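Every read-out reported here was derived from the displayed coordinates using simple, explicitly stated rules and does not represent laboratory data. Please read all numbers here as calculations on a predicted model, not as lab measurements. With ideal geometry, Cβ positions are generated from the backbone for all residues, glycine too; neighbour counts draw on all protein chains shown.
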Amino acid sequence: MPTDTHETPVSLFTTEHEPRAKKVRIHFEGRPLEVAEGISVAAALLACGVRSFRSTPVSGAPRAPYCMMGVCFECLVEIDGRPGRQSCLVPARDGMAIRRQEGAVEPRDSRAQAWSVEV
């Protein structure tokens, strides 16, 4: 079933409302989004109505997070210029620039990117 990946964002998810929660600003495809600090990038994007995180290398079909725990690799995005990041494992922080990952991406140096985790 073909899906328009650039539809008007309507969130299918909600986050717990915590009035004291600190908000941070991230940018997805150049669009600023206010999200709760510390939630995963995947959760933040889903809560803001993003439905397509990447496209498949073979057919170009849109994909979105599935497992939300780092097993399925459906949530891959580019974060701050680094492709292939599992957005469900990366906490949202102020100023992040996030882009859809279109197709397969070759790492610049596979040894440097293997198993790297930002804290």
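Counting neighbouring Cβ atoms within 10 Å and putting the fewest first, the residues I39, I26 line up as I39, I26. Residues whose amide H falls under 5 Å from that of L76, counting only those 5 or more places apart or on a different chain, are S87, with hydrogens built in the peptide plane.
Only Cα pairs under 8 Å and 6+ residues apart enter the sum, and on that basis the relative contact order of region 23-103 stands at 39 percent.
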